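Structure record follows, encoded as structure tokens.
The values are calculated or read from the model by the stated rules, or taken from the named source; none is laboratory data. Every value quoted in this text rests on a predicted model; they were computed, and no experiment measured them. Note that we place each Cβ from the backbone using ideal geometry, even for glycine, and neighbour counts take in every protein chain shown.
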Amino acid sequence: MSYKTVLVHVDKDKHAGERIKLAAQIAINEDAHLIGAAPSGVSRFIYQSRFIYEGGGMATHLDSHLEELRKQAKDALAGFENTVQRLGVSSFEARQLDDEAGGGISLQARYSDLVVIGQTDPDEPSSTTLPDFPEFVVMNSGRPVLIVPYVGNYNANARRVLIAWDASTSATRAVTSAIPILKRADNVDVVVFNADDRGDAHGEQPGADIGLYLARHGVKVNVVRQRTDIDVGNALLSIATDLGSDMLVMGGYGHSRFREILLGGVTRTVLQSMTVPILMSH
């Protein structure tokens, strides 16, 4: 298993450089093709429909606004190219998208093995992405998504990875998708919370089966079973701190109702309070 195409969201956000560097490191590790995608922030359906009133200069005003958004995307891609060339990525391309960020990145993700995006910074709202951008991409891309916190500096070569394992299909997809990263880690901890609450999903020894599965892939794995009376999201963040984890792998839970994303409690807590990169799959 390996990543052959890595997609990274590119914009003018001050945090973009960190996720570009992380995506570049993964591309170098995996000898993968790296795509930097910069959406304009305006839905492609506006470009396609062109339902514009010609009177009162409205068409001219909209065209001017769209052109400015395209220029910002182009400038962001120029920065992306400079960064990945400096870091030594051998195969890459810059792709400008006439679309809003959630829909555009989710569509491009379907032709990639891994998507790298950033956590929403509530103190620095973006002009081209909606606040629910990470959740939307996780729920709609059909691909594993690596979400990078807006605070801190991170390395793609995670030394100690924590897996949140509940034997669900979403967690299974996340673990399988993370194998290239897990194989490079010095240690992988698999945490199982409140195993008795999942009936027979875990088998006789909770965590043993997934531990054996990973060991066969050459992953150095340790299973941790815990009972917690607090919500699992905060318990997960707490144990990540206690273990010194520098990356988290977990399933993403929720569903979409029109544009609204209805997240599970654990997913919502972790996305809001994350302190390390999270590889998430729905």
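Looking at the range 231-247 only, could you name the residues that are among the acidic types (Asp, Glu) and more than 21 Å from Asp186 (Cα to Cα)? I'd like the intermediate steps shown before the answer.
Applying the first criterion (among the acidic types (Asp, Glu)) to the range 231-247 yields 231, 242, 246.
Matches in the range 231-247: Asp231 only.
Residue-wise test of (1) acidic (Asp, Glu); (2) modelled with pLDDT of 95 or more; (3) more than 20 Å from His15 (Cβ to Cβ).
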| residue | (1), (2), (3) |
| --- | --- |
| Arg86 | no, yes, no |
| Asp99 | yes, no, yes |
| Gly102 | no, no, no |
| Ile105 | no, yes, no |
| Leu114 | no, yes, no |
| Thr128 | no, no, no |
| Pro144 | no, yes, yes |
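Residues that are in the same structural domain as Arg19 (by TED's automatic domain parsing) and over 30 Å from Thr169 (Cβ atoms): list the strands (runs of 3 or more DSSP E) wholly contained in the range 64-153 that include at least 3 such residues.
Answer list for the range 64-153: 92-97.
Within the range 5-17, residues that are over 17 Å from Asp98 (Cβ atoms) sit with their Cβ atoms under 6 Å from residues that are modelled with pLDDT under 95 and not in a strand (DSSP E or B), at 6+ positions apart or across chains, in these pairs: Asp13/Ser126; His15/Tyr150.
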